[in-house]
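Working notes for the structure below.
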Amino acid sequence: MTVLFYPAYVSARRAFVKFRLLLCLAILLPQHAVVADNKLPIGEFSRNSLEGWEHKSFKGNTQYRLQAMDDVTVLTADSRAAGSGLFKEQRIDLTQTPFLNWSWRIGKRLAGLNEQSKAGDDYAARVYVVVKGGLAFWQTKAINYVWAGNTKQDSVWPNAFAGEHAMMMALRGPEASLNVWQTEKRNIRADFKNLFGEDITTIDAVAIMTDTDNSNGSVSAVYGDIWFSKD
């Protein structure tokens, strides 16, 4: 489920029903943050904090909880035929901190799905970044970094609901081990240039989602801290 939310247009543009969350983010006021020690925190789960994160439900509720695991507090996600996500609206200057860092693991794959179709647009874990379009909602852009269940690692494709407004990138695929932490580091500015052909210098939000509302399946995932860095 890739989602953008913009209430004024949802009823008129049903094709964007899974595009709603990002469009909501597109009209929120920016927040400003200070970079310290080469690190700009976004999700400080290890500090037992969800400050600034908001929940949005689309079909049922994925259960997101801060829990201790191996002496560290992490964010767990459990989805049973549900689709909801957490998002944090924050203006990020990619000229200063272009790299997005995080860790994640999953306990079960959503196997057998055609992830390039609307019926298969579910993922055990995803982290995505959003560039707002303001009132010109069709200009909103997003990159979805997903843990795919049936798509080869490093594959890239347009989202089934949002088309080329939201590009999908399988950072992990069915070959990745279950219940093993994986660490990610992406140059967001470079990825936007490669995927959209534009030099994007700021983004407006980061979101997390574990969703099974299309497939009616069940999965669990764990997310570690999320932050931007200079290098």
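The values are calculated or read from the model by the stated rules, or taken from the named source; none is laboratory data. Just so it is clear, the structure is predicted and the values come from calculations on it, not from any experiment. So basically every Cβ, Gly included, is an ideal-geometry build from the backbone, and we count neighbours across all protein chains shown.
Miscellaneous remarks
- Apart from one condition, A166 fits all of (1) in contact with a His (Cβ under 9 Å, 6 or more places away or on another chain); (2) buried (at least 21 other Cβ atoms within 10 Å of the Cβ); the exception is (1).
- Residue match in the range 172-185 (condition: surrounded by 21 or more Cβ atoms within 10 Å (Cβ to Cβ) and under 22 Å from G149 (Cα atoms)): yes
- Consider the range 132-149 and keep the residues that are closer than 17 Å to M169 by Cβ and touching a Leu at 6+ places or on another chain (Cβ under 9 Å). The one that is surrounded by the most Cβ atoms within 10 Å (Cβ to Cβ) is A142.
- Any pair with Cβ under 9 angstrom, 6 or more apart, that starts in the range 121-147 at a residue that is over 30 Å from R105 (Cβ atoms) and without any contact (Cβ under 8 Å) to a residue 60 or more places away in the chain and ends at one that is in a strand (DSSP E or B) and of a type in the set (V, I, T): Q139/V131
- Being modelled with pLDDT of 95 or more and of a type outside the set (D, E) is not true of Q31.
Residue by residue, here is whether (1) over 20 Å from F87 (Cα atoms); (2) in contact with a Gly (Cβ under 8 Å, 6 or more places away or on another chain); (3) modelled with pLDDT of 95 or more; (4) not aromatic (F, W, Y) holds:
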residue	(1), (2), (3), (4)
N179	yes, yes, yes, yes
Q182	yes, no, yes, yes
R186	no, no, yes, yes
F196	yes, no, yes, no
T202	no, no, yes, yes
A205	no, no, yes, yes
A221	no, yes, yes, yes
D225	no, yes, yes, yes
S229	no, no, yes, yes
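- The range 79-120: number of residues that are of a type in the set (D, E), crowded, with 19+ Cβ neighbours inside 10 Å and in contact (Cβ under 8 Å) with a residue 60 or more places away in the chain: 1
- Leading residue by the ranking (modelled with the lowest pLDDT) among those in the range 111-124 that are among the aliphatic types (A, V, I, L, M) and in a loop (DSSP other than H, G, I, E, B): A111
- Of all residues in the range 130-142, those being farther than 23 Å from K59 by Cβ, part of a strand (DSSP E or B) and among the aliphatic types (A, V, I, L, M) number 1.
- In the range 64-110, the residue that is nearest to G173 (Cα to Cα) out of those that are touching a strand residue (DSSP E or B) at 6+ places or on another chain (Cβ under 8 Å), in a loop (DSSP other than H, G, I, E, B) and among the charged types (D, E, K, R) is R109.
- Residue check for V127: more than 19 Å from G83 (Cα to Cα), buried (at least 17 other Cβ atoms within 10 Å of the Cβ) and among the β-branched types (V, I, T): no
- For K56, the conditions (1) modelled with pLDDT under 95; (2) within 14 Å of W147 (Cα to Cα); (3) basic (K, R); (4) in a strand (DSSP E or B) are fulfilled apart from (2).
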